[in-house]
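Chemist: Dumping the structure here so I can ask a few things about it.
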Amino acid sequence: MTEPIDVRAVAEALRATRGFAHKRDISDVVAALGRSLPGGHAALAQAVPIGDDCAAIPDGHGGYLLFAIEGLVEDFIVRMPWFAGYCGVMVNVSDIYAMGGRPTAVVDALWSTGMNPADDVLRGLAEAAVRYGVPIVGGHSNNRSERPQLAVAILGHARKLLTSFDARPGDLLVMAADLRGEYQEPFPYWNASTSAPAARLRADLEVLPLLAEDGLCRAGKDISMAGAVGTAMMLLECSGVGARIHLDALPRPDGVPLLRWLSSFPSYGFVLSVAPAQVAGVLARFAARDIACGVVGEVDASRQVRLRAHGEEALLWDFGSDAFIQPPALAEAVPCP
């Protein structure tokens, strides 16, 4: 890519995005929950602290039950009900695989005005459930609502966890994304799922638990509405570290402007923290699946996220002075391992 990159302008634009704003809301919600629990923020501790893609609950046999939920924004459901339903399953499946697990089943909660747009939403849910091989086993419905709303929860299992809390200084940041898709206009959703063969979708995702089980990856997170850089920030904050991220090294589709890609939610996208000795093996696993993958940064102890491109550098975030998703009380109550 030869597109000129003004790293300071990119940093400013990212801080103003809707995706960053939504993620910052997490800190307020978790802080309020911690204040309300008898045990305070320490009561939120589990196999991994709050801030990961899924809750991870020891199963008593050396593995972990994984539990997650996603809510879909209202304007998305109104304008693209079928795809919203499809994404309700797809994004939950991605959360499970990002933790090194495999999905078991999903349930949904759907509010609608009669069967409009409930019918389209349910058709999308069903299509994704079939393609990803994850059954819908129940849920809740209300067809007398003033506005459509959708939330989908998922259960999964991991033999060995990938978390957001195990990145270490000296690791390399790796980004993997399926670029064989297109935007679901006018939304920032990069769709490489609905037209792909179902067997390929499942095999591409299987890379993640195998990386965990083979000990090739320290930490990982699936790319969410915060985009690639915002997702990396969440991982880095949870691990108590910082990084330099090279914008010109990020895998992205041909012809897509950088800022749009940085605000995009890809159907298949992950940020990983990998020990240098394991990077070649990780890159090879994704390359074998024709997934675009590359080293995009270096993890350090600074607790700052800096952006680099073409020899220029700018500070994007300083966790020491400004939390992103973790309220300070939670970080103190549940120290990162």
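The values are calculated or read from the model by the stated rules, or taken from the named source; none is laboratory data. Please read these numbers as outputs of a predicted model, since none were measured by experiment. Cβ: placed from backbone, ideal geometry, glycine included. Neighbour counts: every protein chain shown. Areas reflect the complete protein model, heavy atoms only, side chains present, ligands, DNA and RNA absent. Shrake-Rupley method; radii C 1.70, N 1.55, O 1.52, S 1.80 Å.
Chemist: Please give the per residue volume of the convex hull enclosing the alpha carbon atoms of region 121-271, rounded to a whole number of Å³.
Modeler: Residue-normalised Cα hull volume stands at 148 Å³.
Chemist: Pick out, in residue order, every one of the GluC sites (Glu not before Pro) in region 190-279 that is DSSP loop and has at most 10 other C-beta atoms within 10 Å; say none if there are none.
Modeler: Nothing satisfies the criteria.
Chemist: What are the ³J(HN,Hα) couplings of region 207-212, residue after residue, when phi is run through the Karplus curve with 6.51, -1.76, 1.60 and θ = phi - 60°? Round to Hz, x for glycine and proline.
Modeler: Running phi through 6.51 cos²θ - 1.76 cosθ + 1.60 with θ = phi - 60° gives 4, 5, x, 5, 4, 5 Hz.
Chemist: Then there's this: Can you work out the accessible area per residue across region 151-233, with the rest of the protein chains kept in place, probe 1.4 Å, in square angstrom?
Modeler: Accessible area per residue, region 151-233: 31 Å².
Chemist: Label 7 Å along Cα→Cβ of ASP290; region 171-206 residues with amide nitrogen under 16 Å?
Modeler: 177-182, 192-205
Chemist: Set the Förster distance to 25 Å, then compute FRET efficiency between ALA314 and TYR183 from the Cβ-Cβ distance, nearest 0.05.
Modeler: 0.40
Chemist: Which cross-chain or sequence-distant (5 or more) residues have an amide H under 5 Å from the amide H of LEU316, H modelled 1.01 Å from N in plane?
Modeler: Correct list: VAL305, ARG306, LEU307.
Chemist: Still on this structure: Would you rank TRP82, TRP317 by solvent-accessible area, highest first, keeping every protein chain in place and using a 1.4 Å probe?
Modeler: TRP82, TRP317
Chemist: Which one of VAL271, VAL78, VAL296 has the biggest mean-square fluctuation once the chain is modelled by GNM with Cα springs under 10 Å?
Modeler: Ranking VAL271, VAL78, VAL296 by mean-square fluctuation puts VAL78 first.
Chemist: Give me the accessible area per residue for region 54-111, probe 1.4 Å, as a whole number in Å².
Modeler: 36 Å²
Chemist: Roughly how many Å² of PHE67 are accessible to a 1.4 Å probe, to the nearest 10?
Modeler: 110 Å²
Chemist: Ignoring everything but the protein chains, give the 1.4 Å probe accessible area of ILE325 in square angstrom, nearest 10.
Modeler: Taking all protein chains as shown, ILE325 has close to 10 Å².
Chemist: Once you place label points 7 Å from the Cα toward the Cβ at VAL73 and ARG168, how far apart are they in nm?
Modeler: That separation, rounded to one decimal, is 3.8 nm.
Chemist: Connecting C-alpha atoms closer than 10 Å in a GNM of the chain, tell me which of LEU162, LEU179, LEU208 has the biggest fluctuation.
Modeler: LEU179
Chemist: Can you list the residues, at least 5 places off or on another chain, whose amide H is less than 5 Å from the amide H of ALA226, using H built in the peptide plane?
Modeler: Those lying under 5 Å, H to H, from ALA226: there are none.
Chemist: Need one number for region 73-202: average projected area of the convex hull over its C-alpha atoms, nm².
Modeler: Result: a mean projected hull area of 9.2 nm².
Chemist: Shifting gears a bit: Please report the carbon-and-sulfur percent of the accessible area for the chain; probe 1.4 Å, protein heavy atoms only, DNA, RNA and ligands left out.
Modeler: 55 percent
Chemist: What Kirkwood hydrodynamic radius do you get for region 142-203 when you take the inverse of the mean 1/r over all pairs of distinct Cα atoms, in Å?
Modeler: So the Kirkwood estimate lands at 16.5 Å.
Chemist: Quick check on the chain: take the gyration tensor over C-alpha atoms, sort the square-rooted eigenvalues as a ≥ b ≥ c, and tell me if it's rounded (a/c under 1.5), prolate or oblate.
Modeler: rounded
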